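Please read the structure below before turning to the comments.
The values are calculated or read from the model by the stated rules, or taken from the named source; none is laboratory data. These numbers were taken from a predicted model, which means no experiment stands behind them. Note that each Cβ is placed from the backbone with ideal geometry, even for glycine, and that neighbours are counted across all protein chains shown. Quick note on the areas: whole protein, heavy atoms, side chains included, nothing else; ligands and nucleic acids left out. Shrake-Rupley method; radii C 1.70, N 1.55, O 1.52, S 1.80 Å.
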Protein chains: 2
Amino acid sequence: MVTRSTIMDTNAFRPGDPTGGLPPRTAELVDRRSGVLGSAYRLFYREPVHLVRGSGAHVFDADGNDYLDVYNNVASVGHAHPRVVAAIAEQAAALNTHTRYLHERIVDYSEALLGTMPDEVDRVMYLCTGSEANDLAVRVARAHTGGTGVIVSAEAYHGNTELTSALSPALGSAQELALDVRTVPAPDPYRTPVAAEDLGRWFAEQVAQQVADLERRGVRVAAFLADSIFSSDGVFPDPAGAAGFLAPAIEVVRRAGGVFIADEVQPGFGRTGDAMWGFARHGVVPEIVTLGKPMAAGIPVSALAAQTDVLASFGDHIPYFNTYGGNPVSMAAAQAVLDVLQEDKLQDHAADVGARMLAALREAAADHPRVGDVRGAGLYVGVDMVADPETKAPDVAAALDVVEALRERRILTSVCGPGNVLKLRPPLVFDDQDLDRLIDGFTDALTALGH
Amino acid sequence: MVTRSTIMDTNAFRPGDPTGGLPPRTAELVDRRSGVLGSAYRLFYREPVHLVRGSGAHVFDADGNDYLDVYNNVASVGHAHPRVVAAIAEQAAALNTHTRYLHERIVDYSEALLGTMPDEVDRVMYLCTGSEANDLAVRVARAHTGGTGVIVSAEAYHGNTELTSALSPALGSAQELALDVRTVPAPDPYRTPVAAEDLGRWFAEQVAQQVADLERRGVRVAAFLADSIFSSDGVFPDPAGAAGFLAPAIEVVRRAGGVFIADEVQPGFGRTGDAMWGFARHGVVPEIVTLGKPMAAGIPVSALAAQTDVLASFGDHIPYFNTYGGNPVSMAAAQAVLDVLQEDKLQDHAADVGARMLAALREAAADHPRVGDVRGAGLYVGVDMVADPETKAPDVAAALDVVEALRERRILTSVCGPGNVLKLRPPLVFDDQDLDRLIDGFTDALTALGH
């Protein structure tokens with residue numbers, strides 16, 4: 001089996017890697033872990049981090065050291081937020097059961113959640129993971145359209161079930177893609193040789209070519225599945241808006257009979273600063289929306305929201321049931337997260353701090369030829385490391401060196417794209433002090449990297 | 001689209017069903033719910049139950065009425081068990097993050113969990129739902145064996161992802177089965193016209209026929225996937241033991257190059273009384289084991305345990321990651337559940353009370369011709385309702401009448417099999433008082449049913 005290096009393996013300590021150089025307590029835990037977990041498990045960093053506590057955008061290791069978290073979107077309202085913790089504890093102490101009994105929480109939360117979406121998106125179903133949501137979304141799209149083809153971006157990651165793995169080129173070449181899946185390059189204004197105002201037209205052409213390629217093989221397109229910031233491809237949020245790159249591509253898919261599935265697992269819940277949802281930044285209304293990671297601060301819950309008629313083709317015939325999905329504890333956690341997001345105006349905060357983060361990173365990297373591009377929306381930022389600013393050749397080693405240099409300074413990040421793009425995606429409560437610490441660390445890391 | 005009535009739709013209040021006859025507060029919540037949730041959602045009972053609190057084997061509605069729970073295996077240690085609630089609250093207040101950082105809880109729990117399994121089953125991975133675990137299990141089996149065929153029982157339910165739905169005939173004919181899936185009738189000693197001592201040979205022949213049918217089409221078998229009590233087919237736990245029905249069927253599959261995946265989502269964690277795991281009742285060692293529902297009292301977590309070499313074919317090549325799977329809160333909840341199960345000897349308790357339940361149900365039904373068979377293991381019991389004890393024709397209407405009559409007496413049950421088998425599967429803390437209440441209700445329900 002031939003495998004290429006994958007994003008998910010890039011910043012990874014693998015089972016069986018030597019533990020001799022690690023601190024004794026870390027080494028012991030790594031060895032015990034390798035003795036019981038499957039070989040697919042990976043740890044971040046050359047020296048894995050052993051975390052025991054968290055608060056805000058900070059996490060603490062077993063020795064009490066403070067780490068700045070610039071990576072975890074699941075804890076979007078901050079680690080161990082007291083209000084979320086209280087909601088979980090209170091509901092767990094009362095009742096935790098399934099959706100075949102009536103319960104207010106799922107109804108209250110659904111009304112609140114759908115209230116943040118376009119009127120057309122008026123029904124919701126609950127599951128436990130983003131993978132489950134995308135798996136169901138594709139099945140719903142196929143039932144509704146009668147087509148089977150799916151178009152994703154070239155480095156997309158949409159989940160770990162059989163169906164969604166086969167839609168996830170990011171998993172590497174050992175993971176087969178489905179025969180009716182086609183990939184398009186991400187709308188990358190840094191490397192694509194077209195003017196910014198032409199990127200939308202160019203991207204729509206890429207999608208149209210793949211739709212045509214499917215149709216030539218007798219396959220009708222069911223869906224274009226994308227997160228609107230192309231996080232796994234390397235973070236490409238712009239140009240957004242109704243004149244941005246997304247709307248023309250969706251129009252191509254709709255003309256061919258397919259639907260748009262907005263995977264909001266990454267951009268959703270206010271992260272991009274500009275809007276509650278990634279699709280809303282682009283002024284488009286999806287037929288299907290999938291939600292996950294930051295939804296309930298780590299209590300496993302995800303959702304599929306959709307237009308009634310789109311969902312009906314599937315839901316009227318198949319009695320879908322998810323035992324844990326939408327249970328009262330999950331709903332209590334999700335409600336608390338949504339309340340904190342809205343009351344503390346974390347979307348606006350993400351816009352403000354994110355804008356300062358972009359500016360400060362660009363300033364820190366201004367004279368450094370290995371930083372090819374800094375881009376992002378709100379608190380989702382990518383730093384594109386290149387071997388040479390002229391060729392723009394991705395420099396995975398440089399990106400990893402920066403990640404490890406930051407980790408030595410107790411600043412937690414990772415990479416995305418082909419492995420050369422620093423992924424900066426902190427809890428939304430990240431503040432200006434946190435930003436200063438990040439920028440100091442980043443400046444040091446670039447100095448250590450050399451030119 | 002032609003659909004047949006399905007198990008999952010049998011005991012169901014559907015969106016759009018008239019709410020006029022319901023109590024006003026129930027009707028209002030049902031209507032609000034129908035206004036936001038997808039049409040695939042169902043509620044139990046002609047008059048849905050609105051639950052707000054639970055304790056032990058009892059749940060309480062919004063008016064404070066006490067219901068006896070004879071259905072929910074997720075709350076196997078009892079609803080809202082204080083020790084589980086405390087473990088969840090404590091860990092949520094400290095940290096909830098993912099498995100790319102080191103954490104003791106996943107290592108401690110994995111050691112404890114694998115300690116309950118045969119030595120050969122020595123590696124574990126965590127996911128969030130039984131569906132995800134079965135989805136991954138089939139992919140692992142295919143990677144290991146090089147085959148793709150899967151054999152399941154005729155009314156099996158193994159999950160709601162695309163892959164596992166296509167292995168789940170219980171979802172009804174609107175759900176397509178995969179081309180490389182074959183079904184076998186469950187080992188039903190009540191209706192199969194063979195002597196009990198011949199059931200194993202007979203069942204192995206059914207499996208062998210399907211293996212041969214796959215091979216004739218060039219498909220090698222990858223796995224026989226079954227829960228060892230065939231819960232969805234109507235509860236068929238016996239004959240168990242090394243001379244029972246399971247071992248010969250597995251032997252057939254292994255000779256053809258396949259593996260046995262033990263789906264322990266239903267029988268696992270002590271429910272059958274005889275053993276911690278359903279496969280252990282049969283003296284067999286699976287290549288792969290999947291765990292779910294009762295694992296963490298409703299906090300969404302599942303697991304796949306397997307033999308190292310079986311898992312390696314997949315795990316050495318595909319960097320599987322599950323964001324929420326095995327997170328510290330899930331592991332804290334799972335550890336507390338396992339501790340309570342073991343310290344309170346709930347498996348032994350299930351054996352004792354389960355034996356009394358079987359005997360009492362049989363006594364109550366002795367003179368009733370519509371009760372064709374009462375069978376079970378531990379606290380998983382099926383009551384097989386028939387139109388006529390001679391023909392043994394399944395009587396779905398009678399089973400539903402009993403379920404509704406019990407619900408009127410605030411005793412919560414449902415059905416399985418083709419819809420004619422009462423499914424009695426209470427929390428394992430179900431005690432003799434609870435049993436008396438169930439038997440009184442059951443006796444009344446049979447009386448109301450008439451002969």
Exercise for review: Report the accessible surface area buried between chains A and B, summing both sides, using a 1.4 Å probe on protein heavy atoms only, in Å² rounded to the nearest 100.
Suggested key: 8900
**Study point:** Where a label projected 7 Å from the Cα of A:Val194 along Cα→Cβ would reach, residues of region A:253-294 with amide N under 19 Å
**Key:** A:253-256, A:282-284
Check your understanding: By residue number, which cysteines of the protein assembly as shown lack any other Cys whose Cβ falls under 4.7 Å from their Cβ?
Key -> A:Cys416, B:Cys416
Review point. For B:Leu22, what is the net charge nearby, where nearby means another residue's Cβ is under 11 Å from its Cβ and Lys, Arg count +1, Asp, Glu -1?
Key: -2
Check your understanding: For the modelled label position 7 Å from the Cα of A:Asp108 along Cα-to-Cβ, which residues of region A:307-333 have backbone nitrogen atoms closer than 14 Å?
Key -> A:328-333
Practice item. Using a 1.4 Å probe over the heavy atoms of the protein chains, calculate the carbon and sulfur portion of the accessible area of region A:82-343 as a whole percent. Key: 50
Check your understanding: What nm distances, shortest first, do you get from the label point of B:Ala366 to those in the other copies when the point sits 7 angstrom along Cα to Cβ?
Key -> 9.4
Point to revise | Shielding of A:128-137 by partner chains, average beta-carbon count, 10 Å | key: 6
**Study point:** Computed E for A:Arg32/A:Asp122 - FRET, C-beta separation, R0 51 angstrom, nearest 0.05
**Key:** 0.55
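Say a site is exposed when it is one of the trypsin sites (Lys or Arg not before Pro), sits in a DSSP loop, and has at most 11 other Cβ atoms within 10 Å; what is then the longest site-free stretch of chain B?
With a cap of 11 other Cβ atoms within 10 Å, the longest stretch comes to B:218-451.
At 222 nm, what value in deg cm²/dmol follows for chain A if DSSP H runs of at least 4 each add -39500 (n - 2.57) and the sum is divided by all its residues, to the nearest 500? Please report the intermediate quantities before stating the final value.
Numbers: 14 runs with 165 residues, N = 451.
Theoretical 222 nm ellipticity from helices: -11500 deg cm²/dmol.
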Practice item. Calculate the length of the line joining the C-alpha centroid of region A:298-338 to that of region B:336-389, in whole Å. Key: 33
Practice item. Could you tell me whether region A:53-172 comes out rounded, prolate or oblate from its Cα gyration tensor? Rule is a ≥ b ≥ c as square roots of the eigenvalues, rounded for a/c under 1.5, then prolate if a/b exceeds b/c, otherwise oblate. Key: oblate
Check your understanding: Which net charge results for the neighbourhood of B:Asp108, defined as the other residues with beta-carbon distances under 15 angstrom from its beta-carbon, given Lys and Arg at +1 and Asp and Glu at -1?
Key -> -2
Exercise for review: Would you mind giving the mean number of other chain beta-carbons within 10 Å of the Cβ of each residue in B:174-183, as a whole number?
Suggested key: 1
Check your understanding: What fraction of the DSSP beta bridges in region B:82-343 is antiparallel, stated in percent and rounded to the nearest 5?
Key -> 40
**Study point:** Cα gyration tensor, region B:82-343 - rounded (a/c under 1.5), prolate or oblate
**Key:** prolate
Check your understanding: Which distances in nm, rounded to one decimal and ordered from shortest, link the label point of A:Pro18 to the equivalent label points in the other identical copies, with labels set 7 Å from Cα toward Cβ?
Key -> 7.8
Point to revise | Relative contact order of region A:82-343, pairs being alpha-carbon contacts under 8 Å that are 6 or more residues apart, as % | key: 30
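How well do other chains shield peptide B:324-331, expressed as the mean number of their Cβ atoms within 10 Å of each residue Cβ?
Per residue, the average neighbour count from other chains is 5.
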Revision key, fill the gap. The alpha-carbon center of region B:112-143 and that of region A:404-423 are separated, in whole Å, by 31
Review point. Taking a ≥ b ≥ c as the square roots of the eigenvalues of the Cα gyration tensor of region A:241-315, is the shape rounded (a/c under 1.5), prolate (a/b larger than b/c) or oblate?
Key: oblate
Review point. Using 7 Å Cα-to-Cβ label points, what is the A:Gln433/B:Ala242 separation (nm, one decimal)?
Key: 6.7
Practice item. Report, in whole Å, the centroid distance computed from the Cα atoms of region A:218-245 and region A:14-56. Key: 35
Point to revise | Neighbourhood charge, 9 Å Cβ-Cβ cut-off, centred on B:Ser302 and excluding it, Lys, Arg +1 and Asp, Glu -1 | key: 0
Exercise for review: Report the antiparallel proportion of the DSSP beta bridges in the protein assembly as shown as a percent, rounded to a multiple of 5.
Suggested key: 65
**Study point:** Anchor A:Lys293: lysines whose Cα lies under 23 Å away (excluding residues fewer than 8 positions away in-chain)
**Key:** A:Lys345, A:Lys423, B:Lys293
Practice item. List the distances, in nm to one decimal, from the label point of A:Asp108 to the label points of the same position in every other copy, shortest first, placing each label point 7 Å from Cα along the Cα-to-Cβ direction. Key: 3.3
